[in-house]
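The values are calculated or read from the model by the stated rules, or taken from the named source; none is laboratory data. Remember, predicted model here, so these are calculated numbers, not experimental data. Reconstructed Cβ throughout: ideal geometry from the backbone, glycine too, with neighbour counts over all protein chains shown. These accessible areas exclude ligands, DNA and RNA; they are computed on the full protein's heavy atoms, side chains included. Shrake-Rupley method; radii C 1.70, N 1.55, O 1.52, S 1.80 Å.
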Amino acid sequence: MTYLDLSLPTPAENLAVEEAWLDTAEAGEAGEVLRFWESSEHFVVVGYANKVATEVSVPACEARGIPVLRRCSGGGTVLQGPGCLNYALVLRIRTDGPLRTISSANEFIMERNRVALAAVLHRPVLVQGHTDLTLDGLKFSGNSQRRRRQFLLFHGTFLLNFDLALLEAVLPLPTQQPEYRRQRTHAEFVTNLPAPAAAVKAALANVWQANEPGLDFPQERMAALVREKYATPAWSFKF
């Protein structure tokens, strides 16, 4: 598997390159990859089917100059920015393997990630709400997936040194919540992970056997997706 530590200049590019990699893998032009990135600026990302008006405090974002974008995968709305480490896996789907369905892929990938993070922390880490990772009942990682016929994209976040107070300002309570959240506010529900980014990256690279350093990425496909989708209000505010 290819290992790529690649943070691009803009929010739209950072989101688009993951769909671009999925597209090129599906077309037989790329293989499996583990990518890490971190944004130097804050921006909100809504899940594919989220309604911006109900999941985002738009006036608060506008007042702070925080853009709102939409990703290609499902799941809830997140705030990106410095101190939030992101990863993406593009994996081949085999008909007889653990990635063959949405639920089995969630279980397989989340368990691998859980084991990797528990080894870093030397503390119990749990998978809760299908695709959340928690420490002492507090969420530090959210994840989602997008599937094609032969490959899937599975990506998520790790809160490491993030401005958690900003979550309260720009994101209302989500309209859909996992049962374990129990209507807790963001301040009561999320936490930063007490681990350096380098340790998290090394643990995931080891568990996914991502040992082939990569430099190239699908720049042309990414640029097209930025122009046609990720940088357009028609996409970001489609719901």
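Within region 86-114, residues that are closer than 11 Å to Q145 by Cβ and touching a residue at least 24 places away in the same chain (Cβ under 8 Å) have Cβ atoms under 6 Å from residues that are basic (K, R) and outside any loop (DSSP other than H, G, I, E, B) in these pairs: A88/R35, counting only partners at least 6 apart in sequence or on another chain.
Among the residues making up region 50-79, those that are open to solvent by 10 Å² or more (accessible area, probe 1.4 Å) and among the polar types (S, T, N, Q) are N50, T54, S57, T77.
For a quick check of your reading: which strands (runs of 3 or more DSSP E) sit entirely within region 123-168 and have at least 2 residues that are farther than 13 Å from M110 by Cβ and open to solvent by 30 Å² or more (accessible area, probe 1.4 Å)? Please lay out each step first, then the result.
Working: elements: 126-128, 132-135, 138-147, 151-159.
So the answer is 138-147.
State which residue is nearest to C61 (Cα to Cα) when the search covers only region 169-200 and only residues that are open to solvent by 50 Å² or more (accessible area, probe 1.4 Å) and not in a loop (DSSP other than H, G, I, E, B). Among those that are open to solvent by 50 Å² or more (accessible area, probe 1.4 Å) and not in a loop (DSSP other than H, G, I, E, B), it is A187. With respect to L69, determine if the residue is over 18 Å from E13 (Cβ atoms), modelled with pLDDT of 95 or more and assigned to a strand (DSSP E or B). When the stated conditions are applied, L69 does not pass them. For region 15-44, a tally of residues being farther than 21 Å from L204 by Cβ, assigned to a loop (DSSP other than H, G, I, E, B) and among the charged types (D, E, K, R) returns 2. Give R227, R221 a once-over and let me know the one that is surrounded by 14 or more Cβ atoms within 10 Å (Cβ to Cβ), in a helix (DSSP H, G or I) and among the basic types (K, R). Going through R227, R221 in turn, the sole match is R221.
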